[in-house]
Amino acid sequence: MRYLLAIVLLSVAVHAQSFTSNNDPALPDAPSQKPFWTTGNKVNVSILAGLVSADAITTQRGLNQGLREANPLMRPFVTNGAVGEAAGSALGFGAALGAVYLLHQTHHYNVERVAMRLMLAAEGGFVANNIIEIR
């Protein structure tokens, strides 16, 4: 009798798990992630691209006047002329944008914003330093 009761209870439990209700509303979608290309990010990335371009131009002008690149990571690129400078600038810009996008994808929105602004400030400082040096 105990075995029969155990079998009946187990079969009822198995069948109960397979029942679905057509009256249940669908589960709500998971909360969506904030979009990366907001107006603020578009403006910040545009400013960063302009600053990277200005840094490349002022660096090449300084090299033509006899100055040398202070950044040892960029030195192999900038000593190969405008093509090397463009490649180095593209790598630097891509790394900066990639770091910001990685922070966005990991939901560190405040750190993303601060990192972008620090990159803008640093690149602006590099451009200002180049302008001061070539005057």
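The values are calculated or read from the model by the stated rules, or taken from the named source; none is laboratory data. No experiment lies behind these values; they were computed from the predicted model shown. For neighbour counting, all protein chains shown are included, and Cβ atoms are generated from backbone atoms with ideal geometry for every residue, glycine included.
Data table
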read-out	value
Test set (1) modelled with pLDDT under 95; (2) buried (at least 16 other Cβ atoms within 10 Å of the Cβ) - Leu103 fails condition number	(1)
Residues of the stretch 33-67 classified as without any contact (Cβ under 8 Å) to a residue 24 or more places away in the chain and under 12 Å from Ser89 (Cβ atoms), total	2
Hits in the stretch 68-88 (condition: surrounded by fewer than 14 Cβ atoms within 10 Å (Cβ to Cβ) and either in contact (Cβ under 8 Å) with a residue 40 or more places away in the chain or part of a loop (DSSP other than H, G, I, E, B) (or both))	Arg68, Ala70, Asn71, Pro72, Leu73, Thr79, Asn80
Leading residue by the ranking (farthest from Ser46 (Cα to Cα)) among those in the stretch 106-135 that are among the polar types (S, T, N, Q) and without any contact (Cβ under 8 Å) to a residue 24 or more places away in the chain	Thr106
Qualifying residue in the stretch 40-47 (condition: exposed (fewer than 15 other Cβ atoms within 10 Å of the Cβ), in a helix (DSSP H, G or I), basic (Lys, Arg) and at pLDDT 95 or above)	yes
Leading residue by the ranking (farthest from the chain's Cα centre (by Cα)) among those in the stretch 89-129 that are assigned to a helix (DSSP H, G or I) and farther than 18 Å from Ala49 by Cα	Asn110
Positions within the stretch 49-67 being closer than 19 Å to Arg135 by Cβ and part of a helix (DSSP H, G or I), in sequence order	Leu51, Ala54, Asp55, Ala56, Ile57, Thr58, Thr59, Gln60, Arg61, Gly62, Leu63, Asn64
